[in-house]
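One structure below.
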Amino acid sequence: MKLLLIATLAACLLVGCATQGTVKTVSLFNGANLDNWAVENDGQFSVEDGVLKVNRGTGWLRSAGVFSDFTLVMEFRFLEAEANSGVFVRTGPTSNEDENGWPNNGYQVQCMDIITGKAPLATLIPYGAPPFEHASNLAALAKVYMPPGQWQTYEITCTGESMVVKLNGTKITTAANIKNREGHIGIQGEHGLLEFRKIEVTNL
């Protein structure tokens, strides 16, 4: 009987530990307004018909919260050819004091409607953060890319010093030696027209 009681107590302790460690998914966009976000440097962002709109302009949209190890899932679509934006992760709250007003300490996942050239869709661009290593599979990018008007999905996972970027379920970019271990999530305004309709973060 004592052995059974001890085993039961041990099982309860294990369940408790598992419950405390359960991952939690939160929605950063409520479909109605920009609550839990801060518009930086006169960025042109708005909400209409349940979607978050990037209305050209510059600046950026910064999450109120700071995140460390996480998976970010966001759905987006370009509204014109070569529309340009970006997704910031593990990014500090400060910005460059210039006409663009973009962050000066973080990482950007490119969100531009191009799949060739120097910085195509789903590749990584440093924004003042310490140097890091990264590589992208542009052949895979070409296979899963969707043209303007069609919804696409980013899945961006940051764990420790590693980052993985998936587009439409396919791994495109991997990175290592990521030194910023936490920071804000953001959306860049870079003169493009885009829409987002889902922005969810799962803390790991």
remark   = The set of residues whose placed amide H lies less than 5 Å from the amide H of ARG56, leaving out same-chain residues fewer than 5 positions away, is GLY192, LEU193, LEU194
query = In whole Hz, what ³J(HN,Hα) sequence does region 120-130 give by Karplus (6.51, -1.76, 1.60; θ = phi - 60°), x for Gly and Pro?
reply = x, 3, 6, 9, 10, 10, x, 10, x, 6, x
request  = Please turn the phi angles of region 132-137 into ³J(HN,Hα) values with the Karplus equation 6.51 cos²θ - 1.76 cosθ + 1.60 (θ = phi - 60°), one per residue in order, whole Hz, x for glycine and proline.
outcome  = 8, 9, 8, 8, 10, 9
inquiry  = Going 7 Å from the Cα of THR174 along its beta-carbon direction, which residues of region 115-141 have the amide nitrogen within less than 13 Å of the resulting point?
reply    = 133-137
ask   = Taking H as built 1.01 Å from N, whose amide H comes closer than 5 Å to the amide H of ILE172, not counting residues under 5 places away?
value = VAL165, LYS166, LEU167
key: Rough spin-label spacing in nm, given labels placed 7 Å along Cα→Cβ, for ASN55 and ARG181   = 4.1
At most 15 other Cβ within 10 Å, DSSP loop - chymotrypsin sites (Phe, Trp or Tyr not before Pro), region 136-204 = TRP151
Loop-located trypsin sites (Lys or Arg not before Pro) in region 150-204, at most 16 other Cβ atoms within 10 Å (DSSP) = LYS179, ARG181
remark   = Rh (Kirkwood, all Cα-Cα pairs) for the chain, Å, reads 17.8
inquiry  = Counting only other residues whose beta carbon sits under 15 Å from that of ASN41, what net charge do I get with K and R as +1, D and E as -1?
reply    = -4
query = Among HIS184, HIS191, HIS134, which comes first, second and so on when ranked by fewest other beta-carbon atoms within 10 Å?
reply = HIS191, HIS134, HIS184
ask   = What fraction, in whole percent, of alpha-carbon pairs in region 84-166 exceed 19 Å separation?
value = 40
Net charge, SER63 excluded, C-beta distance under 13 Å - Lys, Arg +1, Asp, Glu -1 = -2
query = Based on the Cβ-Cβ distance of GLU97 and LYS143, what FRET efficiency does E = 1/(1 + (r/R0)^6) give at R0 = 41 Å, to the nearest 0.05?
reply = 0.50
note = Expressed as a whole-number percentage, the relative contact order of the chain with C-alpha contacts under 8 angstrom and at least six residues apart is 32
query = So what's the angle, to the nearest 10 degrees on a 0 to 90 scale, between helix 2-20 and the longest Cα principal axis of the chain?
reply = 10
query = Tell me, how many Å apart are the Cα centres for region 96-135 and for region 148-170?
reply = 14
request  = Provide the FRET efficiency to the nearest 0.05 for the GLU48-GLU200 pair, computing r from the beta carbons and using R0 = 25 Å.
outcome  = 0.80
message = With θ taken as phi - 60° and the coefficients 6.51, -1.76 and 1.60, list the Karplus ³J(HN,Hα) couplings across region 89-101 in order, rounded to whole Hz; mark glycine and proline as x.
response = 9, 6, 10, x, x, 8, 10, 5, 8, 9, 5, 8, x
message = Going Cα to Cα from LYS53, which lysines come in below 24 Å? Please leave out same-chain ones fewer than 8 positions away.
response = LYS166, LYS198
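A short reminder: the numbers here are calculations on the coordinates, not readings from a lab. The model shown is predicted, which means the values in this text are computed figures rather than measured ones. Neighbour counts are summed over all protein chains in view; Cβ atoms, including those assigned to glycine, are modelled from backbone coordinates with ideal geometry.
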